[in-house]
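Trainee: Here's a structure for you.
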Amino acid sequence: MDYAIRGRKAIVCASSQGLGKACARALALEGVDLVLNARTRDVLEATAEEIRREAGVTVTPVACDITTPEGRAAVLAACPQPDILVNNAGGPPIGDFRDWDERVWQQAVNANMITPIMLIRATVDGMIARRWGRIVNVTSRSVKAPLPDLGLSNGARAGLTGFVAGLARQVAKHNVTINNLLPGPFETARTVDGLRKRSAKAGQDFETFAAARRAEVPAGRFGDPDEFGRACAFLCSAHAGFIVGHNLLIDGGAVNATL
Ligand code: NAP
């Protein structure tokens, strides 16, 4: 299927590795020119070169912290009028709610709620004026089913989800869609890091612990980031203009729910 987005311009935040990179690559394979972002410059530049070589699109890396006003300004300066915005950032730390003081909560809300809202605010009016826009927010399955050691994610991402539910319905008539993608467990650096911490806490060796977590997923495995990226590219396609304010779980069935 031709997604009919060749030549469109996208900002993909937090995209040097993991799910953000997979979204960027999938868009690039559909012919979309990219601005990529992450904090670690050499990793980001290597990813930009890898995608450029594979897809033959223009890829501009902007090394900065997307959760700061300066970082967002730098990314927007590289692409002031994106057709596509993929909001993503590092996830909050795991832990117990008693460990999280006001500063930790401010950081989580800033990274996983305010940052995407500020980027939407900066780009959505241009999309409305051009009568074409696609915004995808990477959130988490924690929005549908709270994760006990990820209270910061449960809370901050629910705030973004509530805001987006309203705004998506205000901008849809301009052919601007806003949707959320909710990852379950994917094989990324963040997942491996989380498994290491949890296996250490449980006193089990990493491989045994990880195999047990994979077996818990109805699909019998963790997700491949490419599967996530391809879904993102479809939501950004010309054909997805009637998909509005949706929260799409991509989790191999991990969330045990009927709806
Ligand atoms: P990852 O493999 O750790 O990759 C994170 C990417 O974001 C890296 O490119 C990282 O590069 C960049 N990044 C982190 N903080 C940033 C910042 N402040 N500014 C700019 N770039 C930043 O993580 P992932 O697994 O792909 O997860 C992506 C998001 O999905 C996270 O919010 C995570 O909580 C959420 N999620 C993931 C899963 C999963 O199974 N993987 C499940 C549910 C939710 P630098 O470190 O160099 O900046």
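Only the coordinates and a few stated rules stand behind these numbers; no lab work does. These numbers come from a predicted model, not from an experiment.
Trainee: How long are the semi-axes of the equivalent ellipsoid of segment 91-152, taking √(5λ) for every eigenvalue λ of the Cα gyration tensor, in whole Å from largest down?
Mentor: 30, 14, 6
Trainee: Using the Cα atoms of the chain, I'd like the radius of gyration and the largest Cα-Cα distance, Dmax, both in angstrom.
Mentor: For the chain, the Cα radius of gyration and maximum Cα-Cα distance read 17.7, 56 Å.
Trainee: Computed over the Cα atoms of segment 170-243, what is the ratio Rg over Rh, Rh following Kirkwood?
Mentor: Working: Rg = 17.2 Å, Rh = 14.7 Å.
Using only Cα positions, Rg/Rh for segment 170-243 is 1.18.
Trainee: Moving on. Give me the extension gain from residue 97 to residue 192: residue separation times 0.36 nm, minus the current Cα-Cα distance, reported in nm with one decimal.
Mentor: Values: separation 95, 0.36 × 95 = 34.20 nm, distance 2.21 nm.
That works out to 32.0 nm of additional length.
Trainee: Rg(Cα) of segment 202-259 divided by 2.2 N^0.38 Å?
Mentor: Scaled against compact globular proteins, the figure is 1.50.
Trainee: Calculate, axis by axis, the spread of Cα positions in segment 38-158 along the three principal axes, and write the results as whole Å, longest axis first.
Mentor: Extents along the principal axes, in whole Å: 47, 35, 27.
Trainee: Then there's this: Tell me, rounded to the nearest percent, the portion of alpha carbon pairs in segment 137-213 spaced more than 21 Å apart. Provide the component values of the computation, followed by the final result.
Mentor: Numbers: 1239 of 2926 pairs.
Percent of Cα pairs beyond 21 Å in segment 137-213: 42.
Trainee: Right, something else. Using the reciprocal of the averaged 1/r over all distinct C-alpha pairs, how large is the Kirkwood radius of segment 119-259 in Å?
Mentor: Details: mean 1/r = 0.0607 Å⁻¹.
After inverting the pairwise mean of 1/r, the radius is 16.5 Å.
Trainee: While we're looking at this one, here's another question. Working out 0.36 nm times the residue gap between residue 204 and residue 58, then minus their Cα-Cα distance, what length gain in nm do you get to one decimal? Show your work: numbers first, answer last.
Mentor: Values: separation 146, 0.36 × 146 = 52.56 nm, distance 4.55 nm.
Fully extending the segment from residue 204 to residue 58 adds 48.0 nm.
Trainee: Next question, about the same structure. Could you sort out which of 144/197; 21/144; 9/144 sit more than 27 Å apart by Cα distance in this structure?
Mentor: Pairs exceeding the cut-off: 9/144.
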